[in-house]
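Presented below is the structure to which this report refers.
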Amino acid sequence: MQLHDGERRIELAAEIGRGGEGFVHAVAGEPTLAAKIYTEMPGQERVDKLSWMVQLLRRAPELAEQCAWPQRILRDQEGRVRGFVMTRLASQHPVHELYNPEQRKQTFPKASWRTLVEVAAQCARIFAGLHTHGVVVGDVNERNLLLDGLGRPWLVDADSFQIRQGERVYLTGVGVADYTPPELQGVRFSQVVRTPNHDRFGLAVLLFKLVFMGRHPFSGGLAGDLGAAIAASEFDYPQVAQRLPHLLPMTAAPGAIQQSFLLAFGAEGAEEGRPSPQQWLQHLLSFAEELETCPVEDAHAVPKGASRCPWCQIEASLHYAYFARAGRDQYVSTWAPRTDVLEELCRAMATTAAPPDPTVYEQPLGQEQVLALAQRVIRHDPPAHVPSYYVRVLGGLMALSGTAFLAQDSGWSAKALLGPGIGVWVAGVLWQRGRLKPWQNAVQDLQTRLETVVHHGDLWRAEAYQHRARDRQIAEAFSLLTDRHLGMVARRQQEIDKLERDAIDPALQQALEQVPLLQADLPPAVTQDRKKTLLLRQIQTAADVERDRLVGLPGLTLPVIEALVQWRQALEVRFGGRRRPRPKVDQYVAIDVNCGVLQEGLEQQMAELVRERQASTAYAEQMLDHLYQRGVDNLAELQQRSEKMWLQLRHGTA
Amino acid sequence: MSQSTPFGAVEFAANPEPRCPCVLVLDCSASMAGQRLQELQKGLAQFREELLGDPLARKRVEVAVVTFGGSVKLACDFTTIEHFEPPRLQAEGLTPMGSAIATSLELLTARKQVYRGNGVSYYRPWVFMLTDGEPNDDWHAAIHLVRDVENSKQAAVFAVGVGEANFEVLRQIAVRQPLQLRGLMFREMFQWLSNSLKSVSHSATSEEVPLANPSGPEGWAKV
């Protein structure tokens with residue numbers, strides 16, 4: 001579909017919202033524009049209405065201020081009206097995300113009561129502007145009011161406003177009962193002409209929700225039905241707030257605001273006119289002007305001259321804070337325990353194999369047989385040497401016969417035989433020795449090689465034990481680092497606690513320490529027994545009276561704790577002391593940054609350990625391979641030599 | 001002083017939006033075991049996701065889960081969608097449908113008391129019952145209970161039958177036409193339920209919201 005807004009072609013970009021009657025798209029190349037496209041082809045009534053709205057805008061450009069007023073009509077190629085372009089809001093939150101306390105603390109953590117009153121004033125201003133031009137919003141509800149990135153309210157769904165063109169009235173046709181005045185309850189919206197006074201009711205409900213913590217002024221009575229309660233004019237918030245101490249009492253707001261709400265929700269307002277947006281604007285602006293910061297808690301805004309801070313009172317009756325406390329609550333921490341990184345590291349460590357076990361070394365195949373053979377060779381007598389044997393025998397015989405001749409006293413022949421005989425024999429022995437020397441050397445060599453083979457496994461084991469010992473150290477160090485990493489959450493909390501403990505003025509702290517509980521004039525709720533409990537728990541001076549330290553002590557019920565805390569607060573005021581401002585966001589950021597740096601350091605050390613184990617294991621495995629190969633080689637050599645020598649033995653030759 | 005802190009005060013101080021309570025009454029008898037229960041479980045998870053995506057519905061719709069299989073159990077007490085964790089369903093035992101309905105309606109009465117005590121308005125509660133069998137306890141009392149709450153507009157009771165559910169009984173119990181689930185279209189059913197609750201929670205507490213017809217040709221149910 002090609003679209004044209006009368007001036008140029010409009011290219012639709014991503015869908016940014018959808019409603020009952022159409023879609024809202026971004027406009028390509030126009031970051032400040034949005035286009036609403038109807039799902040069904042608009043009828044003549046709607047086309048006329050849009051044309052008239054665009055004309056009105058030319059006369060009164062202020063209509064598009066904080067309002068998604070149709071600026072130009074979008075037509076397709078055939079000239080049929082398909083939608084319109086309007087201002088696009090950069091980031092938008094429906095107003096209920098501001099007035100709903102819990103959501104506010106998340107989405108608008110810095111919003112105070114003053115913020116709420118100021119937004120209320122701006123809403124009144126928008127309505128005032130529209131009413132001046134005869135425009136009635138009609139379908140007032142919490143989804144048609146959005147807050148932009150600056151927290152300014154905008155009315156959207158402007159094409160459903162009720163617009164007057166001379167005698168002709170373009171009706172709104174719809175409405176939400178929660179925002180519908182009693183006189184219109186149960187009436188069919190499709191035929192009703194709304195008046196500004198009807199709008200004023202819806203506006204007042206919206207303002208009420210902003211000022212009174214998201215509460216609807218009509219609680220719905222027994223049947224829970226807001227429409228019925230409005231029809232019966234049961235504006236019962238003042239009674240409900242009296243019954244429930246944790247609701248903001250009507251009296252917390254200035255008289256003019258209270259009166260205006262009474263008029264807006266009472267029967268009188270229906271007949272004689274409810275407060276106009278202009279009046280609201282004035283009252284709310286001066287209300288916002290009057291709000292100051294509570295002396296005890298920066299997040300609390302208190303009307304000037306109020307005797308007590310309503311928020312402190314509420315927080316004392318219910319452990320719930322309607323506003324994010326300054327500093328800590330307003331600080332949206334980006335710190336995370338990084339458990340994913342930790343898990344990743346632990347997984348890496350667990351999946352990295354430890355260096356091989358010293359006992360895994362296997363001796364090469366057939367080692368036993370080779371060793372047995374070598375041993376047999378070593379233990380075997382050396383091979384015989386036949387020629388030298390004969391020489392020795394000859395020498396022996398000669399010497400023997402020489403000896404015999406000596407007995408027969410045949411002098412020269414004895415001499416001639418005995419001397420040379422011994423000489424020949426000696427020569428025989430020496431010859432044999434000379435011939436056996438290489439053999440003995442070979443046996444010695446064999447012996448050395450045999451021992452090398454036998455002790456080869458020991459070599460490996462010694463090496464492996466070293467790696468295993470280092471690996472145990474690695475594992476221990478790693479688990480220590482893991483614990484420290486896990487402990488970072490607690491450590492960070494300690495730092496934050498310390499930061500917050502230090503938030504009290506030292507002079508005031510000293511003054512409070514000078515007030516011993518024993519002699520102090522404590523609230524009546526603190527009986528002698530309770531006083532004893534406090535003293536026993538080392539709560540001895542006013543400085544020790546801190547909510548966190550009191551909670552959980554035996555016999556100290558919540559009202560007693562509150563009484564004590566208030567007593568201390570009264571003292572603080574009397575001493576003219578003031579708590580130091582709560583820690584600044586920067587201080588929290590510093591803690592988080594610090595924790596982050598520490599964590600990263602731990603992670604680096606852990607990664608280093610993983611790498612070290614990987615290297616150690618790889619080295620040990622390589623070593624194992626290498627040693628095994630050498631073992632195999634040694635054995636082969638031993639085998640070769642033993643077999644050769646064995647053959648020599650078998651053939652009896654040296 | 002007459003001031004007191006009612007039950008759930010913090011919850012409603014933190015989020016005072018009107019509540020749209022819905023009790024899911026789920027048959028977890030032995031016959032639901034297997035694929036049926038698995039699909040139902042997936043449907044529940046999707047139901048939560050769907051409603052979580054709607055900024056207003058997540059603060060208004062409150063879910064409680066009552067299961068009946070062997071005995072009647074409160075598997076999950078009322079909680080806004082933001083805090084809703086779908087319970088693990090387990091199939092066992094017979095089908096005490098009658099007392100499951102009675103329990104659910106009591107639960108609603110008590111919850112409405114809490115809303116009123118905290119000055120928070122509410123929409124007409126929904127009871128959404130799902131069964132694949134027939135009651136084996138005394139269910140005749142349930143007929144009157146359901147008729148009473150429907151006539152006085154205190155709650156809307158929907159009955160959905162799966163497989164071989166006894167529609168004769170369902171027709172007697174529910175004032176509204178009971179619906180029969182097509183196959184195991186639990187996800188489609190919960191899609192419809194979350195859409196319906198979304199439109200209800202966007203409306204006013206007093207409005208009747210027209211619901212999409214679940215028994216259309218694309219729907220998850222047949223009549």
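Overall, chain A carries a charge dipole of about 1700 debye about its Cα centre when +1 sits on the Cβ of Lys and Arg and -1 on the Cβ of Asp and Glu, all other atoms neutral.
Taking amide H as placed 1.01 Å from N in the peptide plane, A:ILE10 has its amide H under 5 Å from the amide H of A:LEU3, A:HIS4, A:ASP5, each at least 5 places away in sequence or on another chain. Considering only A:LEU74, A:ALA60, A:LEU3, and ranking their Cα positions along the charge dipole of region A:3-87 that arises from unit charges at the beta-carbon of Lys, Arg, Asp and Glu, the one farthest toward the positive end is A:ALA60. Distance from the C-alpha centroid of region B:80-150 to that of region A:229-249: 30 Å, rounded to the whole angstrom. Can you tell me the 0 to 90 degree angle between the C-alpha axis of helix A:113-132 and the longest principal axis of chain A, rounded to 10? That works out to roughly 50 degrees.
When you filter the GluC sites (Glu not before Pro) in region A:1-57 for DSSP loop state and at most 11 other Cβ atoms inside 10 Å of their Cβ, you are left with A:GLU7, A:GLU40.
Among the DSSP beta bridges whose two residues both lie in the protein assembly as shown, what percent are antiparallel, rounded to the nearest 5? Mind dumping the intermediate values first?
Numbers: 44 of 67 bridges.
DSSP beta bridges in the protein assembly as shown are roughly 65 percent antiparallel.
Compute the acute angle (0 to 90°) between the alpha-carbon long axis of helix A:255-265 and the principal axis of greatest extent of the alpha-carbon atoms of chain A; round to the nearest 10°. That helix lies at roughly 80 degrees to the long axis.
Looking at region B:1-116, the DSSP beta bridges with both ends there are about 45 percent antiparallel. Each of A:TYR588, A:TYR465 has its accessible area taken with a 1.4 Å probe; listed largest first, they run A:TYR465, A:TYR588.
To the nearest 20 debye, what is the magnitude of the charge dipole of region A:48-177 about its Cα centre, counting +1 on the Cβ of each Lys and Arg and -1 on the Cβ of each Asp and Glu? Don't skip to the end; give the middle numbers.
Working: 17 positive and 14 negative charges, 50 e Å.
The dipole magnitude comes to about 240 debye.
Using only Cα atoms, find the angle between the long axis of helix A:386-407 and the longest principal axis of chain A, and express it within 0 to 90 degrees, rounded to the nearest 10. Once rounded, the angle reads 40 degrees. Of the residues in region A:244-258, those shielded by at least 10 Å² of accessible area once partner protein chains are present, compared with the chain alone at a 1.4 Å probe, are A:LEU244, A:PRO245, A:HIS246. Carbon-plus-sulfur accessible fraction, region A:161-246 (probe radius 1.4 Å, protein heavy atoms only): 53%.
Using a 1.4 Å probe on the protein heavy atoms, what percent of the accessible area of region A:534-611 belongs to carbon and sulfur? Walk me through the numbers before you get to the answer.
Values: 2310 of 4210 Å².
Solvent-exposed carbon and sulfur of region A:534-611 make up 55 percent of the total.
Helix-only estimate, please: 222 nm mean residue ellipticity of chain A, summing -39500 (n - 2.57) across DSSP H runs of length 4 or more and dividing by its residues, to the nearest 500.
Values: 21 runs with 358 residues, N = 654.
Estimated from H runs of four or more residues: -18500 deg cm²/dmol.
Cross-link pairs exceeding 28 Å in C-alpha to C-alpha distance, out of A:LYS105/B:LYS73; A:LYS304/A:LYS498; A:LYS110/A:LYS304; A:LYS105/A:LYS532, comprise A:LYS105/B:LYS73; A:LYS304/A:LYS498; A:LYS105/A:LYS532.
Can you give the % of DSSP beta bridges in chain B that are antiparallel, to the nearest 5?
Once the DSSP bridges in chain B are tallied, antiparallel ones form about 30 percent.
Averaging the Cα positions of each part gives two centres, and for region A:8-47 and region A:134-188 these lie 20 Å apart. Under 15 Å of direct C-alpha separation, and excluding same-chain neighbours fewer than eight residues apart, A:LYS644 reaches these aspartates and glutamates: A:ASP445. Accessible area drop of at least 40 Å² (1.4 Å probe, protein heavy atoms): which residues of region A:86-111 qualify, relative to the chain alone? Residues losing area: A:HIS96, A:ASN100.
Within the shell of other residues whose beta carbon sits under 11 angstrom from the beta carbon of A:LEU518, the net charge comes to +2, with Lys and Arg scored +1 and Asp and Glu -1. For a modelled paramagnetic label at A:GLU344, 7 Å from Cα along Cα-to-Cβ, the residues of region A:599-625 in reach, with backbone nitrogen under 13 Å, are A:600, A:603-604, A:607. From the alpha carbon centroid of region A:362-402 to that of region A:588-645 is 49 Å.
Pairs exceeding a 20 Å alpha-carbon distance, out of A:LYS49/B:LYS198; B:LYS42/B:LYS112; B:LYS112/B:LYS153: A:LYS49/B:LYS198; B:LYS42/B:LYS112.
Between amide H atoms placed 1.01 Å from N, distances below 5 Å from B:ARG182 occur with B:ALA221, B:LYS222, all of them 5 or more places distant or on a separate chain.
Interface between chains B and A: roughly 2500 Å² of accessible area buried, both sides summed (probe 1.4 Å, protein heavy atoms only). Shown for the protein assembly as shown: cysteine residues without a partner Cβ closer than 4.7 Å, namely A:CYS67, A:CYS123, A:CYS346, A:CYS595, B:CYS20, B:CYS22, B:CYS28, B:CYS76.
Rg and Dmax of region A:93-317, both derived from C-alpha coordinates alone, stand at 17.3, 58 Å. With contacts taken as Cα pairs under 8 Å and at least 6 residues apart, chain A reaches a relative contact order of 12 percent.
Per residue, how much accessible area does the protein assembly as shown show when a 1.4 Å probe rolls over the protein heavy atoms, in square angstrom? Walk me through the intermediate numbers first.
Numbers: 41870 Å² over 877 residues.
Ligands and nucleic acids excluded, the figure is 48 Å² per residue.
Hey, if we sort B:PHE128, B:PHE167 by accessible area with the 1.4 Å probe, largest down, what's the order? Present the calculation step by step, with values, prior to reporting the outcome.
Values: B:PHE128 5, B:PHE167 30 Å².
My answer, sorted largest first, is B:PHE167, B:PHE128.
Residues whose amide H lies under 5 Å from that of B:VAL25, counting only those 5 or more places away or on a different chain, are B:VAL66, B:PHE128, B:MET129, B:LEU130; hydrogens are built 1.01 Å from N in the peptide plane. Provide a list, ordered by number, of residues in region A:125-148 showing at least 10 Å² less accessible area with every protein chain present than when their chain is taken on its own, using a 1.4 Å probe. In region A:125-148, residues shielded by partner chains: A:GLU142, A:ARG143. Surface composition of chain B: carbon plus sulfur atoms hold 51% of the accessible area, using a 1.4 angstrom probe and ignoring ligands, DNA and RNA.
The values are calculated or read from the model by the stated rules, or taken from the named source; none is laboratory data. The structure displayed is predicted, hence computed values, not measured ones. In this analysis, Cβ positions are derived from the backbone assuming ideal geometry, glycine residues included, and neighbour counts consider all displayed protein chains. Areas reflect the complete protein model, heavy atoms only, side chains present, ligands, DNA and RNA absent. Shrake-Rupley method; radii C 1.70, N 1.55, O 1.52, S 1.80 Å.
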